[in-house]
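Worksheet: one structure, shown below.
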Amino acid sequence: MQLSDQIAQYLVSGLSTGAIYALIGIGFAIIYNSTEIINFAQGELVMLGGMFTLFFLNVTRLPLPIAILLAVAATTVSGILFERLTIRPLKSPSQISLIIITIGGSILIRGIAMTVWGKDTHSLPAFSGSEPLSIGAATILPQHLWIFGLTAIAIIANKLFFQYTITGKAMRACAANRRAAGLVGIDVKRMVLFSFAISAILGSLAGIIVAPLTMTSYDVGIMLGLKGFCAAIIGGLSGGIGTVLGGLLLGMLESLGAGLISSGYKDAIAFIILLLILFIRPQGLFGKAQTDRV
């Protein structure tokens, strides 16, 4: 295979992986913009999406579409319970306290998942077969098309929700200034709850659509969550097109680095990019510098 053909294949694979990172990154950004919390338990919501689907598929013997819907619902409930039990009871916590709490919640969820489902790695069936499709010099699996399609639908739905619904506009008001939003009658606590629910939906969807390719286990959310966080940082924690571009860029660079240099550097590439951005442009490649809120 010629080098140009190899690069084309790496780029296609990288775009698919980057779409997953973008979906996870948007979940990070939604919670941050509503609460100023970096939710490091987001990766465990990704894991729960895949594991709940496996449970409903194998244990209850439900068809795959119904199992997916129930898995998304179960993960959303988990995200809501996480907010109600760990975030809402706190009175004026510091940022570092909130970060430590989300990390602790991540460890707890991972431990519960290990107890319930064990340490084995599991796979979900592909949504529509596994026969490769040719796109120019590259080949692509049907599951990659599902990743592109469902990610695009989720991003568009997220955009429409925040732009054209009353709840979405209220959440944007909380993101702009929580104190002012409360003064005009917006229930800030409810908007925070909604942000965790939406983030859980996006995370579970990411975990479900990637599981047929990468498989899933109790600890799969660690690395996916960190890379989704990298995508959010690259995008400036905007939750919009910046995070999407950040995820796609990260996925392509990671795929090119693994293919052209060494697969051993695949995970390191994401964190090298993150460190460089934090040193050179802390507001992200696609974000704008902001002043502190008052």
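The values are calculated or read from the model by the stated rules, or taken from the named source; none is laboratory data. None of these values were measured; they are calculated from a predicted model. Note that we place each Cβ from the backbone using ideal geometry, even for glycine, and neighbour counts take in every protein chain shown. These area figures cover heavy atoms from the full protein model, side chains too; ligands, DNA and RNA do not enter into them. Shrake-Rupley method; radii C 1.70, N 1.55, O 1.52, S 1.80 Å.
Scan the range 146-203 for residues that are farther than 29 Å from THR17 by Cβ, open to solvent by 60 Å² or more (accessible area, probe 1.4 Å) and part of a helix (DSSP H, G or I) and the total you get is 10.
Of all residues in the range 218-238, those being farther than 16 Å from LEU248 by Cβ and hydrophobic (A, V, I, L, M, F, W, C) number 5. When the range 119-145 is filtered for residues that are in a loop (DSSP other than H, G, I, E, B), of a type in the set (Gly, Ala, Ser) and open to solvent by less than 60 Å² (accessible area, probe 1.4 Å), the ones remaining, listed by number, are ALA126, GLY129, ALA137. Within the range 276-294, the residues that satisfy the criterion of being at pLDDT 75 or above and surrounded by fewer than 10 Cβ atoms within 10 Å (Cβ to Cβ) are PHE279, ILE280. The set of residues from the range 213-226 being open to solvent by 10 Å² or more (accessible area, probe 1.4 Å) and farther than 12 Å from MET51 by Cα comprises LEU213, THR214, ILE222, MET223, LEU224, LEU226.
Any residue at all in the range 249-262 that is within 19 Å of SER106 (Cβ to Cβ) and of a type in the set (Val, Ile, Thr)?
In the first step, residues of the range 249-262 are kept if they are within 19 Å of SER106 (Cβ to Cβ); the result is none.
Within the range 249-262, not a single residue is within 19 Å of SER106 (Cβ to Cβ) and of a type in the set (Val, Ile, Thr).
The residues of the range 231-250 that are farther than 18 Å from LYS159 by Cβ and surrounded by 24 or more Cβ atoms within 10 Å (Cβ to Cβ), listed by number, are ILE233, ILE234, LEU250. Checked against (1) part of a loop (DSSP other than H, G, I, E, B); (2) aliphatic (A, V, I, L, M); (3) within 24 Å of HIS122 (Cβ to Cβ), LEU237 passes all but condition (3). The numbered conditions (1) at pLDDT 90 or above; (2) out of contact with any strand residue (DSSP E or B) (no Cβ under 8 Å at 6 or more places or on another chain) are all true for SER217 except (2). Look at the range 180-200: where a residue is within 12 Å of GLY79 (Cβ to Cβ) and a partner is hydroxyl-bearing (Ser, Thr, Tyr) and surrounded by 20 or more Cβ atoms within 10 Å (Cβ to Cβ), sitting 6+ places away or on another chain with Cβ atoms under 7 Å, you get VAL192/SER34; VAL192/THR35; SER195/SER34; SER195/THR35; ALA197/THR76; ALA200/THR75; ALA200/THR76; ALA200/SER78. When THR86, THR75, THR53, THR60 are checked against the criterion of being of a type in the set (Ser, Thr, Tyr), more than 16 Å from the chain's Cα centre (by Cα) and open to solvent by less than 10 Å² (accessible area, probe 1.4 Å), a single residue qualifies: THR53.
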